[in-house]
Amino acid sequence: FMQRWLYKKDIGVHKIILVGQDQTSQILASEFKRNAKLGYRIVYWAQSFDQALINKIRELTEEDRVDEIVQADPNFSREMTLNLIDLANEYHLDFKYTADLLGARRANFDIKTINGIPLVEIKKTPLDGWGKVAKRLFDIAGSILALLVFSPVFLILPLLIKLDSRGAVLYKTERVGAKGKKFNLYKFRSMIMGADKMKAQLMDNNERADGPLFKIKDDPRITKVGKFIRQMSLDEFPNFGNVLIGNMSLVGPRPHEPNEVASYKKHHKKLLNIKPGITGMAQVSGRSTLDFETEVKLDTLYIESWSLWLDVIILFKTPLIIFKLID
């Protein structure tokens, strides 16, 4: 009853692009329109896969007017279907298709029947569905607990930062979160003022030349207190607030800067399917020594095999690694 009521209020409704022109497509379109309790609303109906559809997907995604693609035509070639799946991944959209196409790709799927037509949903991550709700509740409880337990850090650390160097206590920078949405990330400042301007001068020393990230050994921009802050990962503590308001998660991929994301290759974009985290699979797997591609593989593994228990394990291992109690 509650779900039907929410759908009537347009809450939780699947905003879809329907692709196809055969009888199956017609039946699904009719059923979606007739049966509101299914929770689907067609925002665009494409008769074929062409450049016009690609442009429309980009347009509707930028306007946040669509959240999934439904491929309903069994006459589509395997190549066209895989191209649609790639588009869905690129724009962080869910993807469903009719069961005739079941051999097209992976086995991580869910099936529901609409008016006798089996509709298959490819799941990018176990977080699709109720997993997302469970993780969000876990994040809220965990972030509140962390803010309470570590409240002394928020009192003492600002004093140490101020005594050590000129500048603000917090450093604000723009990062890219789930589905490419930008947000402000806050850290306790660990570098001197004007550190961003010095980055271009230090680019030749970048140890992460294999990818879009920037990292150098013995960074001259880091302050004395900053070295301690980074060694203990205390700079990340303000982002428990970002977890609480929903921009980040306790566990997830590292949040990257817009210019870094602009350099992503296609397979890197999967990292944007979920919220970035304060810690993650890469951080507990030797992140300081990992190349970018290995980091991406670890975070992709996390996305595809997520469970609440995995989050607990990563959170438990994080302080043990910070204090060098385990390798």
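Do we find that Thr279 is modelled with pLDDT of 90 or more, touching a helix residue (DSSP H, G or I) at 6+ places or on another chain (Cβ under 6 Å) and assigned by TED's automatic domain parsing to the domain that holds Ala134 in this structure?
Working: modelled with pLDDT of 90 or more: yes; touching a helix residue (DSSP H, G or I) at 6+ places or on another chain (Cβ under 6 Å): yes; assigned by TED's automatic domain parsing to the domain that holds Ala134: yes.
Criteria met by Thr279.
In the stretch 41-99, what residues are touching a Leu at 6+ places or on another chain (Cβ under 9 Å) and among the small types (Gly, Ala, Ser)?
Within the stretch 41-99, Ala46, Ala72, Ala99 qualify.
For the stretch 18-40, enumerate the residues that are in contact with a Leu (Cβ under 8 Å, 6 or more places away or on another chain) and under 25 Å from Lys8 (Cβ atoms).
If the condition is that a residue be in contact with a Leu (Cβ under 8 Å, 6 or more places away or on another chain) and under 25 Å from Lys8 (Cβ atoms), then Leu18, Leu28, Ala29, Glu31, Phe32 are the ones that fit.
Residue by residue through the stretch 158-179, note down the ones that are within 30 Å of the chain's Cα centre (by Cα), in a loop (DSSP other than H, G, I, E, B) and not hydrophobic (A, V, I, L, M, F, W, C).
Answer for the stretch 158-179, where residues must be within 30 Å of the chain's Cα centre (by Cα), in a loop (DSSP other than H, G, I, E, B) and not hydrophobic (A, V, I, L, M, F, W, C): just Gly177.
Could you list all residues from the stretch 292-319 that are in contact (Cβ under 8 Å) with a residue 24 or more places away in the chain and of a type in the set (Phe, Trp, Tyr)?
Once the filter is applied, which keeps residues that are in contact (Cβ under 8 Å) with a residue 24 or more places away in the chain and of a type in the set (Phe, Trp, Tyr), the stretch 292-319 yields Phe292, Tyr302, Trp306.
Can you report the number of residues in the stretch 58-97 which are modelled with pLDDT of 85 or more and small (Gly, Ala, Ser)?
2
May I ask you to say which residue of Lys179, Lys197 is modelled with pLDDT of 75 or more and basic (Lys, Arg)?
Values: Lys197 fails: modelled with pLDDT of 75 or more.
Matching residue, one of Lys179, Lys197: Lys179.
Quick check on my filter: what residues within the stretch 297-312 are in a helix (DSSP H, G or I) and more than 10 Å from Met281 (Cα to Cα)? Before the answer, list the steps.
If we filter the stretch 297-312 for residues that are in a helix (DSSP H, G or I), which is where we start, we get 297-304, 308-312.
Hits for the stretch 297-312 are Glu304, Leu308, Trp309, Val312.
Please go through the stretch 155-166 and give me each residue that is under 18 Å from Glu236 (Cα atoms) and either outside the structural domain of Gly194 (by TED's automatic domain parsing) or surrounded by 14 or more Cβ atoms within 10 Å (Cβ to Cβ) (or both), ordered by number.
Here is the first cut: in the stretch 155-166, the ones under 18 Å from Glu236 (Cα atoms) are 155-162.
Within the stretch 155-166, Leu157, Pro158, Leu160, Ile161, Lys162 qualify.
Within the stretch 211-229, does at least one residue satisfy the condition of being closer than 30 Å to Lys132 by Cα and either at pLDDT 90 or above or not assigned by TED's automatic domain parsing to the domain that holds Phe292 (or both)?
No: the stretch 211-229 contains no residue that is closer than 30 Å to Lys132 by Cα and either at pLDDT 90 or above or not assigned by TED's automatic domain parsing to the domain that holds Phe292 (or both).
Any residue that is surrounded by 20 or more Cβ atoms within 10 Å (Cβ to Cβ) and either modelled with pLDDT of 80 or more or in a helix (DSSP H, G or I) (or both) - is there at least one of those in the stretch 121-138?
Among the residues of the stretch 121-138, at least one is surrounded by 20 or more Cβ atoms within 10 Å (Cβ to Cβ) and either modelled with pLDDT of 80 or more or in a helix (DSSP H, G or I) (or both), which makes the answer yes.
Kindly indicate whether any position in the stretch 278-288 is surrounded by 18 or more Cβ atoms within 10 Å (Cβ to Cβ) and in contact with a His (Cβ under 9 Å, 6 or more places away or on another chain).
Within the stretch 278-288, not a single residue is surrounded by 18 or more Cβ atoms within 10 Å (Cβ to Cβ) and in contact with a His (Cβ under 9 Å, 6 or more places away or on another chain).
Out of curiosity, is Leu93 of a type outside the set (S, T, N, Q) and buried (at least 19 other Cβ atoms within 10 Å of the Cβ)?
Values: of a type outside the set (S, T, N, Q): yes; buried (at least 19 other Cβ atoms within 10 Å of the Cβ): yes.
So Leu93 passes the test.
A quick yes/no check of all residues on (1) of a type in the set (Phe, Trp, Tyr); (2) out of contact with any Lys or Arg (no Cβ under 7 Å at 6 or more places or on another chain):
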| position | (1), (2) |
| --- | --- |
| Arg34 | no, yes |
| Leu38 | no, yes |
| Trp45 | yes, yes |
| Phe49 | yes, yes |
| Lys56 | no, yes |
| Glu62 | no, yes |
| Val66 | no, no |
| Ala72 | no, yes |
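Tell me, which residue of the stretch 243-262 that is of a type outside the set (Asp, Glu) and part of a loop (DSSP other than H, G, I, E, B) is nearest to Leu310 (Cα to Cα)? Before you say what the answer is, go through the steps one by one.
Of the stretch 243-262, the ones of a type outside the set (Asp, Glu) are 243-256, 258-259, 261-262.
Filter once more, keeping what is part of a loop (DSSP other than H, G, I, E, B): 246-248, 252-255, 262.
Working: Gly246: 20, Asn247: 20, Met248: 17, Gly252: 11, Pro253: 14, Arg254: 17, Pro255: 19, Ala262: 30 Å.
So the residue we want is Gly252.
The values are calculated or read from the model by the stated rules, or taken from the named source; none is laboratory data. Just so it is clear, the model here is predicted, and its values are computed rather than measured. We place every Cβ from the backbone using ideal geometry, glycine too, and count neighbours over all the protein chains shown.
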